[in-house]
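Please treat every number below as a calculation from the coordinates, not as lab data. Everything numeric in this text was worked out from a predicted model, so none of it was measured. Quick reminder, even Gly has a Cβ in these numbers, built from the backbone with ideal geometry, and neighbours come from all protein chains shown.
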Amino acid sequence: MNLGDIIRRRREDLGITQDQVSVLSGISKPYLSNIETGRAKNPPTDGVLESLADALRMDQADLLRLAHLARTPPDVRHEHEMITAELSKLRGIVKGLIDSRGAGGEVNLDALADSISAEGNVCNLSAGSVVPVINNMTAGYPANFTDLDYPPGVADEYVRCPDLHDPQAFAVRVVGDSMEPEFHEGDIVVFSPNTQPRPGDDCFIRFVEDGGTTFKRFYQDDEATIRLQPRNNAYPAVTYPAEQVNGLWPAMFRIEQLRKH
């Protein structure tokens, strides 16, 4: 959950309107709306956050920490997240050993070595790659694709994927039902541009004309044509000339939305 979501949810929990928060904090309603929706170009200043924290009866330190993290360059933030995740994993290993100490209270060093080995070398522990969620993807017929004007690899939201080593990997949310029952609306799907697609793979496809995109199962019946097959039998397969496709990237992970809000 990002900073704007936290502020909006707190306001809603208190049952007050943006107009009321604007009066209490001295912040204009349009700017407050931009903060809540993530449309503000930069994180709010410390002074604005302190005013919002007072108006919403929140801990100032929590809001300031989130804003400071949001201002951090993506590469530094990524490194911080990785170190934090690796530290958490190491703590889990040590806690497990402490919980399983022998009758004399001693820690079995051999068991510690085995546990670390099972998790991977300490220096190489990895919580997975951080992948940007760049837009909503229509699981139907081609829709305009946008990366929200961010530079490559930069987004408002990220997901973490284990054992994914493609620096160009990206994720999108599914919209529509043409890939059901395997993929549902709201699911996040991670794609790897540097992985060679195979016939039968579920792929993110980008078309030459207007940069349109779609999400379908890919087949190539001959060198000249590409067949895109929905998983939902209610939708027909469509065949395109191969030269109309300039991107074909296989799905690697699905993060399923288990419950709708």
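A few comments on the model shown:
- The length gained by stretching the chain between Arg9 and Glu50 to full extension, at 0.36 nm per residue less their Cα-Cα distance, is 13.1 nm.
- Electrostatic tally near Asp13: other residues with Cβ closer than 15 Å to its Cβ, Lys and Arg +1, Asp and Glu -1, net 0.
- Here the gap between Gln60 and Glu182, fully extended at 0.36 nm per residue and compared with their Cα-Cα distance, gives a gain of 39.6 nm.
- Under the Karplus curve 6.51 cos²θ - 1.76 cosθ + 1.60, θ = phi - 60°, whole-Hz ³J(HN,Hα) for region 18-28, x wherever Gly or Pro sits: 4, 4, 5, 5, 4, 5, 5, 9, x, 9, 5
- Compared with the direct C-alpha span, the chain from Thr17 to Ser33 gains 4.7 nm at full extension, assuming 0.36 nm per residue.
- From the Kirkwood radius over Cα pairs of region 199-261, Stokes-Einstein at 20 °C and 1.002 mPa s returns a whole-number translational diffusion coefficient of 169 µm²/s.
- Rounded FRET efficiency, nearest 0.05, which uses the C-beta distance separating Tyr219 from Asn42 and R0 of 35 Å: 0.15
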